[in-house]
Amino acid sequence: MGLLILGANEAILFGVIGVVLMIFLFIAMYAATRYKRCPSNKVLVVYGRTGGDRTAKCLHGGGALVMPLIQDYAYLNLEPMTIEIDLTNALSKKNIRVNVPSTFTIGISTEPDIMNNAAERLLGLTEIDIATQARDIILGQMRLVIATLTIEEINQDREKFLGLVNQNVNSELMKVGLEVINVNIRDITDESGYIDAIGRRAAAEAINTAKVEVAVADKQGAIGEASANREKQVLVAEQVAQSNMGQKQAERDQRIKVAALEADGIAGEANAERSKQIAVAEQTAKAVQGKKAAEAQQRIEVATLEAGAVEGENKSQAEIADYKATLEERKAEAKRRGEVATANAAKDVLEAEKAQEIARLEKEEVARQMIEQRKVEINAEAEAERQRRIAKGEADAILAKYTAEAEGMQKVLEAKAEGYNKLIEVCGDRKDLAPSLLIIEKLPELVAEQVKAIQNLKIDKITVWDSGNGGNGSGDGESVPTGSTGNFLRGLMGALPPMHELAQQAGIDLPKVLGQVADTKQNADSRTTFEAVPVDGDEATDA
């Protein structure tokens, strides 16, 4: 009886072990089917609950285990797409509309951040839909670039034009996960015929130049040998000088353009490198964070499984001993645990969807705020540069004005000094004549100023009240034949400073032809009067 019981227990034990092995084998086979490998010409996108704040995990090469129920996967094709851009009526800088047909070769980028943008924007779209979106972006950026360039810059400096197109188009395509592989500008035309006119003008100038050179050659052949040799040497020297000048000017222009392009390239590289470093740092931090979270989750699950294994072994031993008694109870317990696990899985799915939606909204808001911030910074920098240039221009204008005034004042003073020196040289030993001549030169202006004092007086409007002395208007016993009005005018003219008095106050003597100043005693009060002493037999006149 004991042997039968022992044999039954061993059979049960072997059956349990077989069931466990079959379960592990099934799990291994299912895991093998859920491990997805990524071809070299595609990007594997794993979406669902991927950990971290990203909505999807993108892989280029390698593979990843796609968890059932909470994760799924899809592929993005990396094959290049060729898009024909028939750009017409694009407005250039000089308001001339041009046609710029071109061919763009684009594809999904393999950079981590840009792959994530492609997973968010392009996953599930057909190649036609992707090409339509890219075409709209390329057309807008092409028109924007053409609006900043003249026809000459577009037609002649193709390298600059292609560089601006690559820079603007690539920066916008990266926002949806694409990148520019190649750009081919086929031909550039305009409806007004401006480009053809430029070509015809260049051809006409070349033809005219050739005709002039032929005529000059015929003229040189008709001249004598000696004259031809002389002119040949002169022309050779001039041509060598012009060639050197042209070469130096071309080298200077080349250095200026190269320096400008290098400066733009360095600035662009610096901005790109800074953005790349920031993105790499952010992604590295997120990767480390996700890795740590995955390790923590793995340790928790391993510990849970180990604890469950130990608990299972203990329960197996207990169940073998009391299997029949507790079979129904264990079935009920297993059913309850299954329902709880299903409820927990549904809860996790809902939480993952909530986190995904929150992350998407936060990303869109942050991107919009960053764009607005960059616009404000660009506008502020442009306004500051404009203010600096205006201030510099005003400062240069003020400096030029004061410099011109100073130079003019210096020339006037130098001319006056030269005139004074010549005047002193003419006077010779009579240095005292120089001030007299200068005063004589200013006499008309002095007399004019004296006349201005009474030129606006209206004599017929003046009323003079007599003081009661009759015809005697002087008051000192001297009879004056004139009336009160005459006395008034005589006193008014006497109030003006005489020329001799002005000359005496200036410390100079007037020439003798203008008379001399003499002191005379008049009446008992010893007053001083000024009279003109007769010269060369002329009678004296009152001052």
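Maximal additional length on extending the GLU231-VAL16 stretch stands at 65.7 nm, based on 0.36 nm per residue less the C-alpha distance.
Its Cα centre serving as origin, the range 63-219 has a Cβ charge dipole (Lys and Arg +1, Asp and Glu -1) of approximately 600 debye. Value of Rg to Rh for the range 78-277, rounded to two decimals, is 1.19; Kirkwood radius and Rg both from alpha-carbon coordinates.
Working from Cα pairs under 8 Å separated by at least six residues, relative contact order for the range 78-277 is 23 percent.
Using the number of other C-beta atoms within 10 angstrom as an exposure proxy, rank CYS38, CYS427, CYS58 with the fewest first.
Fewest to most other Cβ atoms nearby, the residues stand as CYS427, CYS38, CYS58.
For the range 51-154, the residue among GLY52, THR132, THR88 whose Cα projects farthest onto the positive side of the dipole built from Cβ charges is THR88. The value of relative contact order for the range 76-132, using C-alpha pairs under 8 Å at least six residues apart, is 34 percent. The fewest-to-most ranking of SER40, SER109, SER171, SER227 by surrounding Cβ atoms within 10 Å reads SER40, SER227, SER171, SER109. Distance from the Cα centroid of the range 354-390 to that of the range 224-298 is 29 Å (rounded to whole angstrom). Just grab the label-to-label distance for GLU381 and VAL366, each label 7 Å out from Cα along the Cβ direction, in nm (one decimal). Output for this residue pair reads 2.3 nm.
Between THR33 and CYS427, the simple spin-label model (points 7 angstrom out along Cα→Cβ) gives 12.7 nm. Taking the fewest neighbouring Cβ atoms within 10 Å as the starting point, the ordered list for ARG97, ARG430 is ARG430, ARG97.
Every number in this text was worked out from the coordinates using simple rules, so none of it is lab data. It should be emphasised that the depicted structure is a prediction, and the values quoted were computed from it without experimental measurement. Cβ: placed from backbone, ideal geometry, glycine included. Neighbour counts: every protein chain shown.
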